[in-house]
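What follows is calculated from the coordinates using simple rules that are stated; it is not laboratory data. As the structure is a computational prediction, the values presented were derived from the model and not from experiment. Reconstructed Cβ throughout: ideal geometry from the backbone, glycine too, with neighbour counts over all protein chains shown.
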Amino acid sequence: MSGTITRRTALALAAAALLGACGGEEQRELKQELDQLTKDLRGRVDPLPQVRPYEPVPYTAEGLVDPFRPERIEVAQAGAARSTSKLAPDPNRPKEPLEAFALESIQMVGSISQEKETFGLVKAGPNLYRVKRGNYLGQNFGVITTIDESQIALKELVQDSGGEWVERTSALQLQETKR
């Protein structure tokens, strides 16, 4: 039995030596090529940039009113709540499905005319919707004012920096599709 173990060991060592010799030749050629390509290269590290000394900036706003004081924030919020603009949206109006989408994510893909009324075809998410004048689109209380073959015009209500509601006009342009 000891003879078979030594024979197996000898065969395994011979196979390993043959495989090692094959791999060594490839490695030797690769090392020679790398040595040839990198013989003229020398590494160079740029010097570190000059560090400027720290110059402290004095805080001069100690005597001014703190804009983050809770009393100031509450006064500003109370002023916004008191503003009763005629343009303010009706909070009790039921929302339409297309008001859940940002206006930028809605695409006009066509229009249909039926009985002297023009409808717009819009794509929001994976679904296609038919809209008409007076429907709401987008998250800024946008109401459709006109629909033609090339665009859907909207009137949106947004708050300005003072909390007042103002109107702005927007439009969805017809998106040309590639076939």
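In table form, for the structure just shown:
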{"read-out": "Residue list for the stretch 126-167, restricted to those being in a strand (DSSP E or B), loosely packed, with under 12 Cβ neighbours inside 10 Å and of a type in the set (D, E, K, R)", "value": "GLU167"}
{"read-out": "Filter result (free of Cβ contacts under 8 Å to residues at least 24 places away in the same chain and among the hydrophobic types (A, V, I, L, M, F, W, C)) within the stretch 155-170", "value": "VAL158"}
{"read-out": "Matching residues, the stretch 131-154, being of a type in the set (Val, Ile, Thr), in contact (Cβ under 8 Å) with a residue 24 or more places away in the chain and farther than 18 Å from LEU87 by Cβ", "value": "VAL131, ILE147, ILE152"}
